[in-house]
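K.L.:
First the structure, then my questions, so here it is.
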Amino acid sequence: MIQTRVIAVTRDQPEADILDEAAAVLLGGGLVAFATETVYGLGAVATNAAAVRGIFEAKGRPSFNPLIVHVAGIDQARRYTTDWSDRADALAHRFWPGPLTLVLPRTADVPDIVTGGGPTVGLRVPAPTVARRLVEHVGLPLAAPSANRSNRISPTRAEHVLADLDGRVHLILDSGPTTVGLESTVLDLSVDPTIILRPGPIGRDELAETLSAKVALKRHGGAEAREVGPHASPGMLSVHYAPQTPAVRVEASGRLAEVDWPERAALIAFEPIDVTHVPAQVVRFIQPDREVAAREFYDTLHNLDARQLDLIVAVEPPAGAEWDAIRDRLRRATVSYQRNNRR
Ligand code: TXA
Ligand code: MG
């Protein structure tokens, strides 16, 4: 069992001695959790296969699921792909640092364990100063999945990481809650046309505009999810980001009346709705603003999960591409409500 340490670090001006200490842990093959703008990541030096293996063990993650490699800038990203295309260059200049992961053909410097044995690597430059300075202090890229146990809710605060990974990570750098709150958009540039493997904060329209080309959104259903292999994005496995409390969703607030409400239940909705006849003990309206909703979504799930309720019921967010990412995460965190079919 590892002794987990939590150290507070200043978000915009991270203390050099703390970064040095974290870098030393990483260079020694250890695991360090740190905040990106999306969620906290569980980092190891990407070129150290043994260290990366430690990530899979700590998370209980299946080894075919590839990890995102975090770099400090475009120059460093280019070292790990054999094909820095015009598409990659245009996207990186517009969206990096930021919540966009580019899947590109990898070089031999990227160990198999990072890519799930596949021919591509997911690269991104995280926005927060802490994350980028950490990569710079280490001098090598950091492989980092979300810092949660496999199939649990992604962490947006250091407390979430500690609750899930205490004794499994050497160091947690606490720089406060993350600002974006939902995992990066994962875009596959190793194929043409470009395809979104995981919707996220950077939307399809912005990507298409930058590329002056159509961008497809990969559709994943239950059956397809079971066929996920090394070249797909297993973040798409159904019920992947689930709370431990049974959680269901309904398409619209009108269907809340069909729910067989247990005594201790919570309701989540993305706009104010009439709850006069909804017997939920706890009601959370997440702001009907996509960015605020993204920031609050996982935090809300973590909070509700901690209350040990019998059921969480969510009403799906409004239709429209700008809600793609939240709809996607909600669909993985819940099952569609059917009477007598609670998970
Ligand atoms: O915002 C984020 O992306 C966060 C922060 C820490 O950067 N990371 C994150 O990592 O969400 P993770 O491992 O929880 O999810 C990574 C997703 C998975 O769905 C994985 O399958 C996909 O990215 N992915 C990574 N590399 C890939 C590759 N080479 N080909 C296809 N999908 C890839
Ligand atoms: Mg994850």
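The values are calculated or read from the model by the stated rules, or taken from the named source; none is laboratory data. Worth saying up front: this structure is predicted, and the values here are computed from it rather than measured. For neighbour counting, all protein chains shown are included, and Cβ atoms are generated from backbone atoms with ideal geometry for every residue, glycine included.
K.L.:
Only one residue in Asp299, Asp310 is more than 18 Å from Pro155 (Cα to Cα), of a type in the set (D, E, K, R) and out of contact with any Leu (no Cβ under 9 Å at 6 or more places or on another chain). Which one?
P.N.:
Asp310
K.L.:
Another question about this same structure. Filter the stretch 96-109 for residues that are crowded, with 22+ Cβ neighbours inside 10 Å and touching a residue at least 60 places away in the same chain (Cβ under 8 Å); which is nearest to ligand 2 (Cβ to nearest atom)?
P.N.:
Out of the qualifying residues, it is Thr101.
K.L.:
Ok, one more. Determine if the stretch 87-94 includes at least one residue that is without any contact (Cβ under 8 Å) to a residue 40 or more places away in the chain and more than 28 Å from Pro14 (Cα to Cα).
P.N.:
yes
K.L.:
For the condition within 26 Å of Arg329 (Cα to Cα) and among the charged types (D, E, K, R), what is the one hit in Arg133, Arg157?
P.N.:
On inspection, the qualifying residue turns out to be Arg157.
K.L.:
Moving on to the next point. Can Ser150 be described as small (Gly, Ala, Ser), under 14 Å from the mean Cα position of the chain (by Cα) and surrounded by fewer than 24 Cβ atoms within 10 Å (Cβ to Cβ)?
P.N.:
Yes.
K.L.:
Another question about this same structure. Look at Gln3 and say whether it is over 19 Å from Ala163 (Cα atoms) and either touching a residue at least 12 places away in the same chain (Cβ under 8 Å) or in a loop (DSSP other than H, G, I, E, B) (or both).
P.N.:
Criteria not met by Gln3.
K.L.:
Another question about this same structure. Looking for whichever is within 17 Å of Asp174 (Cβ to Cβ) and part of a loop (DSSP other than H, G, I, E, B) here; the options are Pro14, Pro62. Which one fits?
P.N.:
Pro14
K.L.:
What is the residue count in the stretch 85-133 for residues that are acidic (Asp, Glu) and in contact with a Ser or Thr (Cβ under 8 Å, 6 or more places away or on another chain)?
P.N.:
The total comes to 1.
K.L.:
Looking at His302, is it at pLDDT 95 or above and either within 16 Å of Ala333 (Cβ to Cβ) or outside any strand (DSSP E or B) (or both)?
P.N.:
So His302 passes the test.
K.L.:
So, one more: Which fully enclosed helices (runs of 4 or more DSSP H) of the stretch 114-213 have 3 or more residues being within 13 Å of ligand 1 (Cβ to nearest atom)?
P.N.:
129-138, 158-165
K.L.:
Of everything in the stretch 134-147 that's under 19 Å from the mean Cα position of the chain (by Cα) and of a type in the set (Gly, Ala, Ser), which residue is nearest to ligand 2 (Cβ to nearest atom)?
P.N.:
If we take residues in the stretch 134-147 being under 19 Å from the mean Cα position of the chain (by Cα) and of a type in the set (Gly, Ala, Ser), then Ser146 is nearest to ligand 2 (Cβ to nearest atom).
K.L.:
Considering only residues of the stretch 89-113 that are in a loop (DSSP other than H, G, I, E, B) and within 19 Å of the chain's Cα centre (by Cα), which is nearest to ligand 1 (Cβ to nearest atom)?
P.N.:
Residue satisfying both the conditions and the ranking: Pro99.
K.L.:
Let me ask another. Which residue, of Val228, Val169, Val239, Val250, is modelled with pLDDT of 95 or more and within 16 Å of ligand 2 (Cβ to nearest atom)?
P.N.:
That would be Val169, the only listed residue that is modelled with pLDDT of 95 or more and within 16 Å of ligand 2 (Cβ to nearest atom).
K.L.:
Here is a follow-up. Condition (residue is in contact with a Gly (Cβ under 7 Å, 6 or more places away or on another chain), surrounded by 19 or more Cβ atoms within 10 Å (Cβ to Cβ) and not in a strand (DSSP E or B)) applied to the stretch 66-83: is it met by at least one residue?
P.N.:
Checking the stretch 66-83: at least one residue is in contact with a Gly (Cβ under 7 Å, 6 or more places away or on another chain), surrounded by 19 or more Cβ atoms within 10 Å (Cβ to Cβ) and not in a strand (DSSP E or B).
K.L.:
Tally time: how many residues in the stretch 41-83 are of a type in the set (Val, Ile, Thr) and farther than 19 Å from Gly98 by Cβ?
P.N.:
5
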